[in-house]
1. When you check Lys131 against the structure, is it in contact with a Pro (Cβ under 9 Å, 6 or more places away or on another chain) and among the charged types (D, E, K, R), yes or no?
2. So Val59 passes all but one of these: (1) at pLDDT 90 or above; (2) surrounded by fewer than 17 Cβ atoms within 10 Å (Cβ to Cβ); (3) out of contact with any Phe, Trp or Tyr (no Cβ under 6 Å at 6 or more places or on another chain). Which condition number does it fail?
3. Scan the range 336-349 and give yes if some residue there is under 18 Å from Glu167 (Cα atoms) and either in contact with a helix residue (DSSP H, G or I) (Cβ under 7 Å, 6 or more places away or on another chain) or surrounded by 15 or more Cβ atoms within 10 Å (Cβ to Cβ) (or both), otherwise no.
4. Between Glu174, Glu185, which is surrounded by fewer than 20 Cβ atoms within 10 Å (Cβ to Cβ), among the acidic types (Asp, Glu) and more than 30 Å from Gln296 (Cβ to Cβ)?
5. Which one of these is of a type outside the set (D, E, K, R), surrounded by fewer than 18 Cβ atoms within 10 Å (Cβ to Cβ) and in the same structural domain as Leu303 (by TED's automatic domain parsing): Pro152, Pro145?
6. Please name all residue pairs, on different chains or six or more residues apart, with Cβ atoms under 7 Å, provided the first residue is in the range 214-234 and is of a type in the set (Asp, Glu) and the second residue is surrounded by 13 or more Cβ atoms within 10 Å (Cβ to Cβ).
7. Would you pick out the residues in the range 111-153 that are without any contact (Cβ under 8 Å) to a residue 40 or more places away in the chain, within 25 Å of Phe68 (Cβ to Cβ) and out of contact with any Lys or Arg (no Cβ under 8 Å at 6 or more places or on another chain)?
8. Looking at the range 330-345 only, could you name the residues that are more than 10 Å from Phe78 (Cβ to Cβ), touching a strand residue (DSSP E or B) at 6+ places or on another chain (Cβ under 9 Å) and assigned to a helix (DSSP H, G or I)?
Amino acid sequence: MTKYTLLMLMLTVTACQVEKEPSTEAFSFSHQGYQYHGFVDLPAGLPKAIILLIPGSGVTDFMGSSGFSTFFQKKRDFFLSLGYGVVAWDKKGCGKNEGTFTEDLTIDQSAEVAQAALEELDRRETPGSDKIGLWGISRGGWVCPKIIEEVPDIAFWISISGTDQFENSRYLLEANLRLEGKSQERINILLAEWDYRTKALRNGAIPFETFLEQTEELYQEPFFQQAFEPVPTQEDYDYVLDYYQNSDDVFDDSLGLRVMVPNFEKVLRAVTCPVLAILGQKDSQVNWRSTASLYQSTLPGDLQVVEIPNCNHLMMKCKTGGMFENLESFGYELCEEYYSSMSQWLASWENQN
């Protein structure tokens, strides 16, 4: 063997070793005048697909060092270990992004941002972007099918703690009051005041003083104050009234619940890609039973529903699933079936594709 041949062999081996290392690249794109920043994780070799992480409600911090980024880093590492690329970005006004964060962003608007991200992946010719999978948690259960509605060639959808068509706050309130040991009589009083609050804010014809009198028990309830809001000021009240008067929100009048995605059943029936739905049986934040029933009655394609006992909304081991349950005794560990269900399901998807 000549010195030249030996040198070329060494360079080839070195190149292969470098290629086997996963990498993370900065990822940015623009949408409606705002710049969004995130990342692209790429595994060793060509990705089997690129998975978009679609988060739930609230602020995001994908690139920071908070509990949020730690929570999602585990998922990034998991998908990378299976040979998938991962893409995510922070919401407007979060992380390094411009603008002001708001919870008023509609589901359609969130889906449009995701479409802009997909266009940027195509423009960059990101390896693996010919096959796009979606992973969405909680609110992401509304966003993902809306993405699929506009991008029908999505390869698969993994729904974590997914949602039915209704805004989940009333369920969250009732479930957690029950977990805190409130009597049924007390729960009924608080739910009646919740319903009054919803109608009053929507209709906008109730004087502020009357509103406070009719919701006094609700606003004095410690859980409501912690999970939702303190007693409003006149300024707060006027702001919410103005929001409802100028919003396009749709409500189911028979239930008094906000419909997060109009014609959601029709949207779900149009989803033809394989779907894995993982639900925690101790989820006190979304009505997991209603979600399972809705998926099973509407999704026409390949659907697998996994219900995990003693698992909360965030797929963590728990005793009660209460929103503010202290999980220290469980070591803040994720439920074992959570990752195993995804790995087995993805392996099956790979075999079929």
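The values are calculated or read from the model by the stated rules, or taken from the named source; none is laboratory data. Bear in mind the structure is a predicted one, so any value in this text is a computation, not a measurement. Cβ sites come from the backbone with ideal geometry, for glycine too, and all protein chains shown count toward neighbours.
1. Details: in contact with a Pro (Cβ under 9 Å, 6 or more places away or on another chain): yes; among the charged types (D, E, K, R): yes.
Answer is yes for this residue.
2. Only one criterion in (1) at pLDDT 90 or above; (2) surrounded by fewer than 17 Cβ atoms within 10 Å (Cβ to Cβ); (3) out of contact with any Phe, Trp or Tyr (no Cβ under 6 Å at 6 or more places or on another chain) is unmet by Val59, namely (3).
3. Taking the range 336-349 as the starting set, the residues that turn out to be under 18 Å from Glu167 (Cα atoms) are none.
No: zero hits.
4. Details: Glu174 fails: more than 30 Å from Gln296 (Cβ to Cβ).
When all the criteria are applied, what remains is Glu185.
5. Working: Pro145 fails: surrounded by fewer than 18 Cβ atoms within 10 Å (Cβ to Cβ).
None of the other options fit; the residue is Pro152.
6. Glu217/Ile189; Glu217/Leu190; Glu217/Glu193; Glu221/Leu190
7. Selection gives Gln115 alone.
8. Phe330, Glu336, Glu337, Ser341, Trp345
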